[in-house]
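In what follows, a single structure is set out as structure tokens and then discussed.
Read-outs: derived from the displayed coordinates by stated rules, not from any lab. Since this is a predicted model, take the numbers as computed values, not measurements. Glycine gets a Cβ as well: all are built from the backbone with ideal geometry, and neighbour counts include every protein chain shown.
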Amino acid sequence: MQTSVQPSRDASAQYLLRLADTCLILGQRLAEWCGHAPILEEDIALTNTSLDLIGQARALLTQVGQRSAVPLDEDQLAFLREERDYLNVTMVELPRGDFAFTVLRNVMIATFLKLVWQRLADSSDAELAAIAGKAVKEARYHQQHAGDWVVRLGDGTDESRQRMESALATLWRYTPELFEADSVDEQAAAMGLGPRWSELQAPWLEEMRALLSEASLSVPADGAFRSTGKRGLHSEHMGHMLTEMQYLQRAYPGGVW
């Protein structure tokens, strides 16, 4: 059995892992749609979105691996960490759900990622800025594609509207985690690596409110619940997902195609 790896604990690595793992885990969830989407075009579109996100995660994990005391590659970081060492926001690890749930989650995260990548294009880290320059184009497309579906379903039939309202009620309670500030954010901002995620809340809300209004949906009220995935404290769904993700690497250590 392959042993687990431990990424660097410094603030820059933790900051990058939060972004990398959010892309990686959402990419894994979207891959579950392969062969199951409602129409062929969406089967291909969701799979391509998954590949884009995993590509972004791979580039970021490479940067994290270079910051570790013992150099690690992206495969080791993707497949050989313990659950508490993954720092993705909880929203992306929630089960796949129906198509309405998927497109709403996609637009929420794509809008957030677009804003992050835009700011990271000015990062003090030249390689990270280069990654952001490519990734922001992908995020814009993901946002537009998923947003079109949110409007179509929210302003569609009684059933499609009900499904969108149900998805919105479930997902909105996980959004505060995206914008919680802590010492990792503060240190990353201080060194010019990237923005505090809290700085992105106002523009994110502005874009989401405009989209939801177009879809004839109301923004839910904020509640007291706070998820904690980016601190390594995950929902009950994460362990099951990692069991699938990590099986081959742990069963066949060092295996390559």
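Candidate cross-link partners of Lys114 among the lysines, defined by an alpha-carbon separation under 18 Å and a same-chain spacing of 8 or more, comprise Lys134, Lys137. Rounding to the nearest 20 debye, state how big the charge dipole of the stretch 32-101 is about its Cα centre with +1 on each Lys and Arg Cβ and -1 on each Asp and Glu Cβ. Magnitude of the dipole: close to 320 debye. Positive end of the dipole of the stretch 30-135 (Cβ unit charges, origin at the Cα centre): among His36, Thr102, Ser124, the Cα lying farthest that way belongs to Ser124.
Sorting the segments 78-88, 242-252, 21-31 by their mean number of nearby beta carbons within 10 angstrom, highest to lowest, gives 21-31, 78-88, 242-252. The stretch 152-171 and the stretch 7-85 have Cα centres spaced 28 Å apart.
Using alpha carbons only, how many degrees (0 to 90, rounded to 10) separate the axis of helix 201-214 from the longest principal axis of the chain? Between the helix axis and the principal axis of the chain, the angle is about 30 degrees.
Here the relative contact order of the chain, from alpha carbon pairs under 8 Å that lie six or more residues apart, stands at 26 percent. Dipole magnitude for the chain: about 280 debye, using +1 per Lys or Arg Cβ and -1 per Asp or Glu Cβ, origin at the Cα centre.
Find the eigenvalues of the gyration tensor of the Cα atoms of the stretch 11-238, then list the square roots of 5 times those eigenvalues as equivalent ellipsoid semi-axes, largest first, in whole angstrom. Show your work: numbers first, answer last.
Details: eigenvalues 158, 72, 55 Å².
Calculated on Cα positions only, the semi-axes equal 28, 19, 17 Å.
Peptides 231-241, 125-135 ranked from most to least packed give 125-135, 231-241, packing being the mean of other C-beta atoms within 10 angstrom over each peptide's residues.
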